[in-house]
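So the structure is just underneath, and the comments pick up after that.
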Amino acid sequence: MLENIRIVMVNTSHPGNIGAAARAMKNMSLQQLYLVDPLEFPSAEAASRATHAVDIINNAVVCPSLSSAIADCSLVIGTSARERNLNWVIEKPHQMALTALAQCQAVDAPVAIVFGRERTGLTNQELALCHRLVHIPTNPDCSSLNVAAAVQVIAYELFNTVQEYQTESFSTKPDGDDQAALAGQIQTLHQHLQQVMSEVEFFGSNNPENVMRRLQIFLNRAQPSRRELNILHGILTAMQRKL
Ligand code: SAH
């Protein structure tokens, strides 16, 4: 199950943090590292901080954007240094691990856990691409961990949860179109929706960005199946035919 967990680090400034994250991953049997637009990579410092996890560094996949790093994932979990966010239910690491591992067992696609920039975390646009959020409980006066330390805690929680539940089944496996839709498929529906909304002149003179962001968060939170997305595409296409 852990082979289907993908750690995604967004726009990391310090290559040492990439190396330390790779080491933390290897200690906890995680393998897949995706780097979205890292400031300095490949890097000797990343390799040296990774020590025995240099294979994870060498196999790391560099992507230009978060949406391309997660398009083939069935679940995208963002990490937040903040305890509260109006748009999301924020889970603790153990709950996150149960959800992520159940999803790994139910769908043959990766589950992404997304980590933000050292100084500024994830942008609102990036958070809107996430289906759920996890926060590591901390001292409220000092809630932000070093990003590699956050990778360590999350990786440990996943590893430990697999050990505890190894003999139990996390969930039953739905077939075909009843499986959870991939992140890229949800994005395509979101684009189709925007297209029809502009065709029916829903936006008027208003900027579509705000309402589209809300709809994106809503769709991601709903975690629709492929069949449900097909129904929605069908409805939208029927409306377009009538127009
Ligand atoms: N000032 C930023 C903090 C960024 S810390 C902010 O408020 O968002 C860099 C990254 O480390 C975060 O984006 C997140 O991925 C991870 N991180 C740090 N502290 C965390 C915590 N308590 N829980 C979960 N992730 C955390």
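Using helices alone, what [θ] at 222 nm do you get for the chain, with -39,500 (n - 2.57) per DSSP H run of 4 or more residues, divided over all residues and rounded to the nearest 500? Before the final figure, lay out each step's value.
Details: 10 runs with 116 residues, N = 243.
It comes out at -14500 deg cm²/dmol, rounded to the nearest 500.
Mind checking the range 162-231 for chymotrypsin sites (Phe, Trp or Tyr not before Pro) that DSSP puts in a loop (not H, G, I, E or B) and that have at most 16 other Cβ atoms within 10 Å? All intermediate terms of the calculation are to be shown ahead of the outcome.
Numbers: sites: Tyr165, Phe170, Phe202, Phe203, Phe218; in loops: Phe170, Phe202, Phe203.
Taking the range 162-231 and a limit of 16 other Cβ atoms within 10 Å, the loop chymotrypsin sites (Phe, Trp or Tyr not before Pro) found are Phe202, Phe203.
List the relative contact order of the range 1-83 as a percent without decimals, with contacts defined as Cα pairs under 8 Å and 6+ residues apart.
Here the relative contact order equals 32 percent.
Taking only the Cα atoms of the range 99-176, the radius of gyration and Dmax are 14.9, 47 Å. Other residues within the sphere of radius under 13 Å centred on the Cβ of Arg226, judged by their own Cβ, net out at -4 (K and R +1, D and E -1).
Placing one identical point scatterer on every Cα of the range 176-242 and ignoring solvent, what is log10 I(q)/I(0) from the Debye formula at q = 0.18, 0.22, 0.24, 0.29 Å⁻¹? Each listed q corresponds, in turn, to -0.68, -0.95, -1.07, -1.29. Over 20 Å apart: what share of the alpha carbon pairs of the range 1-65 falls there, rounded to a whole percent? Counting pairs separated by more than 20 Å, the tail of P(r) holds 14 percent.
Please compute the Kirkwood hydrodynamic radius of the range 84-222 from all pairs of different C-alpha atoms, in Å with one decimal.
On the way: mean 1/r = 0.0579 Å⁻¹.
That comes to 17.3 Å for the range 84-222.
Ranking Phe41, His94, Cys73 by Cα position along the charge dipole of the range 1-138, where only Lys, Arg, Asp and Glu carry charges on their C-beta atoms, puts His94 farthest toward the positive end. Relative to its Kirkwood radius, the Cα radius of gyration of the chain gives an Rg/Rh of 1.00. For Lys173, a cut-off of 20 angstrom between C-alpha atoms picks up these aspartates and glutamates, skipping any fewer than 8 places away in its own chain: Glu3, Asp72, Asp108, Glu228.
The charge dipole of the chain, taken about the Cα centre with unit charges on the Cβ atoms of Lys, Arg (+1) and Asp, Glu (-1), comes to about 340 debye, rounded to the nearest 20.
With a cap of 12 neighbouring Cβ atoms within 10 Å, and only residues DSSP puts in a loop, list the trypsin sites (Lys or Arg not before Pro) found in the range 111-209.
Values: sites: Arg117, Arg119, Arg132; in loops: Arg119.
For trypsin sites (Lys or Arg not before Pro) across the range 111-209 that sit outside H, G, I, E and B with at most 12 neighbouring Cβ atoms in 10 Å, the list reads Arg119.
Once you list every other residue whose beta carbon is under 10 Å from the beta carbon of Asp178, what net charge do they have if Lys and Arg are +1 and Asp and Glu are -1?
Working: positive: Lys173, Arg226, Arg227; negative: Asp175, Asp177, Glu228.
Charge balance near Asp178 sits at 0.
Computed from the coordinates by the stated procedures, all read-outs in this text should not be read as laboratory data. Given the structure is predicted, the values throughout are model-derived calculations rather than measurements. When we count neighbours, we look across all protein chains shown, and the Cβ atoms used for this are built from the backbone with ideal geometry, even at glycine.
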